[in-house]
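Trainee: What follows is a structure written as structure tokens; I'll ask about it next.
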Amino acid sequence: MNQRQAPLFGALKRYLARGHAGFHFPGHGGGRGLPRNLVDDLVRLDLTELPGLDDLHAPAGPIARAQELAAALYGADRTFFLVNGSTAGIQALLLAATAPGDKVLLPRNIHRSVIGGLILSGADPVYVTPSFSPDFGIYLPPRPADVRAALRAHRDLAAVLWTHPDYHGLATLTPEVATALREAGLPLLVDEAHGAHLPFHPAMPAPALALGAAAAVQSAHKLGGALTQGSWLHLRGPALAPQRVARALALLQTASPSYLLLASLDLARRQLALSGPRLVGRAVELAGRLRRGLAALEGVAVLEAGAGQADPTKVVASTRGLGLSGYRAATLLRREYGVQVELAGFGHLLFVVGLGTRAPDVARALRAFRSLVRKYGRPSCRSDLRPPAPDFYFPPPAEKVLTPRESWLTPARAVALEAAAGLVAAETVNLCPPGIPIVFPGEKLTPEVLQYILEIKARGFTVQATDPGLASIMVHCE
Ligand SMILES: Cc1ncc(COP(=O)(O)O)c(C=O)c1O
């Protein structure tokens, strides 16, 4: 063990030295989208609760004022700064709004942080299955009819936790769905991790608070110009008591919140308030350039949606027509052209155009893609695609035997993946990104789910699981 080494720092420096054009989170693009004052003072701002600097867990001074300004900007009654990402905010909302055994309505393509919230709160999930696009291999928003049917079938729901917009930028809280949820009279909690920038451009999906949400959690670090882990939680209306949310946050967040993150939230809010429409407008314009350039290439299809139906700064391109899997295309873009996308799927890529993206990044991505099409977009390369049957993308929901909390508290053991069919999963297995679970704790492992896992394994996707190699999986003893 050579203590002179700093392996992580070294890997970061080497990554930076390669000079990628980045289309991924955090959206500030290597600091270019960060407020200038923050960049100038970055290291010196790493302070703690010194006299005059307030206390995140009992704010009465500058933190309280900074939060009030953020609340005013987003039309909230109360805003809490978060230093453990939206993850902490989502989990605090579930803890504040539900008791063990309470039923919560959720879209099936929730982020894994929601499973953590279900374990902590003991709430019992009821899922609405979203629809699916076989062309792009992505989830589409749940159909309003399915939402209404779920509301009719479960009259005893205690709350709704919705994801809006979804990872690919699609508006899932459409006015129709929002009306159905509002009419049900339930507290509407929204994971708006991908929506800190929504209020600042007219083409964006409507923000959750404007659609009647009682709470919305936003990762300001994704698309709002804050440092990674900087998020905020907004409350509006009487459905949730702020004190209860504050208590839950005190339970979940560190006792030593980073003032760098808190300052970045304060400055990101000011930057959005003063220049949001211009900065987000530029990202929309650059994303439009990227979208049009990609769509003009033979064999590349780009997801199109009307104004308000999708976040225009997210560009989803299908690589199927090139005979390349999204994963292979992303690897080639990175290795041969220095272009890093946010996410690659079986048959698509997701580019995120953030506040820090610049015109030369878009030009480089387009040059790279053109060359990719010329070099690899040929039938001889098509063996790489091996598309799985469309429903592999979306293993059907399995039988729920235990709630996530019951599963957490029940003994578990590892079994070989091949021997797991019919057993009850004791862990969450996520594809990362997007961090959406493939395996849900407490649900029976079906042959479809296991087949899906084998596909993922064969293609070398990154997964988060107890055994990241996926030779085994945690199950409950019979
Ligand atoms: C839909 C969604 N919700 C929640 C989160 C968690 O947010 P954070 O990384 O800020 O904790 C993510 C992160 O990727 C996400 O994509």
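Every read-out reported here was derived from the displayed coordinates using simple, explicitly stated rules and does not represent laboratory data. Bear in mind that the values here come from a model prediction, so they are computed numbers and not experimental data. Note: ideal-geometry Cβ built from the backbone for every residue, glycine included; neighbour counts use all protein chains shown.
Trainee: With r defined as the distance between the Cβ atoms of Val401 and Glu49 and R0 fixed at 60 Å, what FRET efficiency is calculated, to the nearest 0.05? Could you put the intermediate results ahead of the total?
Mentor: Details: r = 46 Å, r/R0 = 0.76.
So, using R0 = 60 Å, E works out to roughly 0.85.
Trainee: May I pose another question? Counting pairwise Cα distances across the chain, what percent come out greater than 33 angstrom?
Mentor: Cα-Cα pairs in the chain separated by more than 33 Å: 38 percent.
Trainee: On full extension of the chain, what length is gained from Ser256 through Ala158, given 0.36 nm per residue of separation minus the C-alpha to C-alpha distance?
Mentor: Extending this stretch completely gives an extra 32.0 nm.
Trainee: If you filter the range 1-76 for trypsin sites (Lys or Arg not before Pro), then keep DSSP loop positions with at most 12 other Cβ within 10 Å, what is left?
Mentor: Details: sites: Arg4, Lys13, Arg14, Arg18, Arg32, Arg36, Arg44, Arg65; in loops: Arg4, Arg32, Arg44.
Here the trypsin sites (Lys or Arg not before Pro) that fit, given the DSSP loop and packing criteria, are Arg4, Arg44.
Trainee: Could you give me the ³J(HN,Hα) list for the range 213-223, computed from phi with Karplus coefficients 6.51, -1.76, 1.60 and θ = phi - 60°, whole Hz, x at Gly and Pro?
Mentor: For the range 213-223, the Karplus curve yields 5, 7, 7, 9, 10, 10, 7, 4, 6, 6, 10 Hz.
Trainee: Mind listing the Cα extents of the range 1-55 along all three principal axes, in Å, largest one first?
Mentor: On the principal axes, the range 1-55 reaches 41, 35, 18 Å in Cα extent.
Trainee: Mean Kyte-Doolittle of at least -0.5 and a Cα length of 20 Å or more along the axis: which whole DSSP H helices of the chain meet both?
Mentor: 259-295, 359-376
Trainee: Can you give me the long-range amide H partners of Ala193? Hydrogens built in the peptide plane at 1.01 Å from N, cutoff under 5 Å, separation of 5 or more residues or another chain.
Mentor: HN-HN under 5 Å from Ala193: His164, Ser219.
Trainee: Here's something else I'd like to know. I'd like the FRET efficiency for Thr466 and Lys13, computed as 1/(1 + (r/R0)^6) with the beta carbon distance as r and R0 of 45 Å, rounded to 0.05.
Mentor: Efficiency at R0 = 45 Å is approximately 0.90.
Trainee: Going from the alpha-carbon gyration tensor of the range 395-476, what semi-axes, largest first and in whole Å, does one get by taking the root of 5 times each eigenvalue?
Mentor: Working from the Cα gyration tensor, I get semi-axes of 18, 13, 12 Å.
Trainee: Where in the range 249-290 does the amide nitrogen come within less than 17 Å of the point 7 Å from the Cα of Leu69, taken along Cα to Cβ?
Mentor: 259-277
Trainee: Another question, then. Take every DSSP beta bridge whose two residues both sit in the chain, then give the antiparallel share in percent to the nearest 5. Don't jump to the answer; show the numbers that get you there.
Mentor: Values: 35 of 53 bridges.
If I count the DSSP bridges inside the chain, around 65 percent turn out antiparallel.
Trainee: Put a dot 7 Å past each Cα toward the Cβ at Ala416 and Asp41; how far apart are the dots in nm?
Mentor: 6.1
Trainee: Give me the dipole magnitude in Debye, nearest 20, for the chain about the Cα centre, with unit charges on the beta carbon: positive for Lys and Arg, negative for Asp and Glu.
Mentor: About 1720 debye.
Trainee: Give me the percent relative contact order of the chain, please, defined on Cα pairs under 8 angstrom at least 6 residues apart.
Mentor: Normalised by residue count, the contact order of the chain is 18 percent.
Trainee: Hey, what did the range 395-476 get for relative contact order, percent, Cα under 8 Å, at least 6 apart? Before the final figure, lay out the partial values.
Mentor: Values: 154 pairs, mean separation 33.6, N = 82.
For the range 395-476, the relative contact order is 41 percent.
Trainee: Also, I was wondering about something else. Would you grab the residues whose amide H sits under 5 Å from the one on Leu170? Only those 5+ places off in sequence or on another chain, please, with H modelled 1.01 Å from N.
Mentor: Asp311
Trainee: Now, a different point. Taking amide H positions as placed 1.01 Å from N in the peptide plane, with prolines and chain starts having none, which residues 5 or more places from Ile438, or on another chain, fall under 5 Å of its amide H?
Mentor: Distant-sequence amide H within range of Ile438: Val429, Asn430, Leu431.
Trainee: Let me ask something else about it. So for Ser256, Ser133, Ser264, fewest C-beta neighbours within 10 Å to most, what's the order?
Mentor: With the fewest neighbours first, Ser256, Ser133, Ser264 line up as Ser256, Ser133, Ser264.
Trainee: Between Arg182 and Arg289, 0.36 nm times their residue separation minus their Cα-Cα distance comes to what?
Mentor: 34.8 nm
Trainee: Using the C-alpha atoms of the range 248-382, what convex hull volume per residue, in cubic angstrom, is computed?
Mentor: Value for the range 248-382: 157 Å³ per residue.
Trainee: Hey, another quick one. Quick check: residue separation of Ala6 and Arg358 times 0.36 nm, minus the Cα distance between them. What number comes out in nm? Present the calculation step by step, with values, prior to reporting the outcome.
Mentor: Working: separation 352, 0.36 × 352 = 126.72 nm, distance 3.14 nm.
Gain in length upon complete extension: 123.6 nm.
Trainee: OK, next. What FRET efficiency comes out for the pair Ala60/Arg278, r = Cβ-Cβ distance, R0 = 30 Å, nearest 0.05?
Mentor: 0.30
Trainee: Please name which of Gly326, Ile453, Ala76 has its Cα lying farthest along the dipole of the chain towards the positive end, using unit charges on Cβ (Lys, Arg +1; Asp, Glu -1) and the Cα centre as origin.
Mentor: With unit charges placed on the Cβ atoms, the residue in question is Gly326.
Trainee: Just going by the charge dipole of the chain, with Lys and Arg at +1 and Asp and Glu at -1 on Cβ, which of Phe369, Gln5, Leu343 is farthest out on the positive end?
Mentor: Toward the positive end, the furthest listed residue is Phe369.
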